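Note sheet for the following structure.
The values are calculated or read from the model by the stated rules, or taken from the named source; none is laboratory data. Keep in mind that what you see is a predicted model, and the values were worked out from it rather than measured. Every residue, glycine among them, receives a Cβ derived from its backbone with ideal geometry; neighbour counts consider all protein chains shown.
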Amino acid sequence: MRRKNKSTSGFIKLLGFISLILMIKNSMAQQITHYLPSGKDSAKTISGQYGDNSGICLFEDGKFMLFGYATLVFGSYVFEKDYLLFYPDEIPLFQLYAYRNPRLTDTTRIDFIGFEQEKTFVQFENDSPNQVFNDKANCFSPPFIFQQAKISQSLKFAARSQNVDQDTTYQVFQYTNDGEFNDFLAIYNKPQRARQNFSAYLYLAEDKKLAIRLSNYGGEKGFLRENPADRTQEYWREKLHMKEAYEHAGAIEPMEIYCNQHYTIFYPDLSEYVLDSGKKQYIHTSAKDNEDYFTENPTQDDRYLMKYIRQNLRYKQPNSFNVSKGSNTSLFFSSCEEPERSYKYQK
């Protein structure tokens, strides 16, 4: 009997494997049919809420809102052949807002927002860099307020560069306090996958329900359209309100942020407030109402608000920041294992 050539046998196996892949792909194509309407009302046709506790909202004006646990991303989308292309709003690594607080006199106070998410540093003037939180920090209870008995003339913020293995490489941003502000909101926005550009396709599920599959979020099945866009329905009005509040605040980088003395952020209707220029605060016209409630819930008190103005941060070369010369202690210590040592905000 003639012996079968090994290479021929391997080639036959390869052809069989390719045929199997093609059969699977054809089967999937029969189950999932791309759905992309044409015409000027395309965005209106597909708009609505996809997913329940997490998912994406497509709005008729070409905007979207990605939502889920610890995720809320806004941006815009466009139609591209059989797909949708999504462009999240770009967000800076660090943001800084400032207010001249007459009650602090010559003291500086900073609320650090989001710095617990990653290893980050701050440097005051020419002092040694300080790690904001200790290594392996956990059990967080914001706000995290740092205070020092002088006005800081300059600040540097640093976080390790993304996609870089060397801990010594940091992205550094500097602030010069020309306005002699003394009360700050410092914000760190940890880079996340949800903020990278992504694509998606729409398809009709087995029950003919419209569904969407995203390239970066939600797995292979994606999200069913739970609710079409309908302004008469409460669920959709809530989503529109979130979108409008975001856009009204100046989208990703508002020019100003309003807070109470406990650093709770509000989006006030300023027509209901009066500016007290002496105290440099906005006072609600019905400030005397609900005194008992706000005494019990001081962090939710929106009767007296301060306006924090966006400041410019200047990018510095990585070699301008040397972590190895940093302080041995962090600004804040937080640990579930050591609650007695952990930072606690004093109201």
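Would it be correct to say that residue 239 is farther than 30 Å from residue 105 by Cα, surrounded by fewer than 17 Cβ atoms within 10 Å (Cβ to Cβ) and either touching a residue at least 24 places away in the same chain (Cβ under 8 Å) or not aliphatic (A, V, I, L, M) (or both)?
Here the answer is no, as residue 239 does not meet what is asked.
I need a count of the residues in the range 65-119 that are hydroxyl-bearing (Ser, Thr, Tyr) and under 29 Å from residue 239 (Cβ atoms).
Total satisfying the criteria: 7.
Of everything in the range 207-229, what is touching a helix residue (DSSP H, G or I) at 6+ places or on another chain (Cβ under 9 Å) and in contact (Cβ under 8 Å) with a residue 60 or more places away in the chain? Give them in sequence order.
Hits for the range 207-229 are 210, 212, 217, 225, 226, 227, 228, 229.
Take the range 177-206 and flag every residue that is outside any loop (DSSP other than H, G, I, E, B) and without any contact (Cβ under 8 Å) to a residue 60 or more places away in the chain.
193
Of these, 183, 167, which one is modelled with pLDDT under 95 and among the acidic types (Asp, Glu)?
Within the list 183, 167, the selection yields 167.
Among the residues of the range 58-75, is there at least one that is outside any loop (DSSP other than H, G, I, E, B), crowded, with 21+ Cβ neighbours inside 10 Å, modelled with pLDDT of 90 or more and among the small types (Gly, Ala, Ser)?
For the range 58-75, residues outside any loop (DSSP other than H, G, I, E, B), crowded, with 21+ Cβ neighbours inside 10 Å, modelled with pLDDT of 90 or more and among the small types (Gly, Ala, Ser): absent.
Of the numbered conditions (1) buried (at least 19 other Cβ atoms within 10 Å of the Cβ); (2) closer than 30 Å to residue 154 by Cα; (3) not basic (Lys, Arg), residue 212 satisfies every one except a single condition; which is it?
(2)
Are there strands (runs of 3 or more DSSP E) fully within the range 237-335 with at least 3 residues that are modelled with pLDDT of 90 or more? List them.
In the range 237-335, 256-259, 273-276, 281-284, 304-310, 330-332 are the strands (runs of 3 or more DSSP E) which contain 3 or more residues that are modelled with pLDDT of 90 or more.
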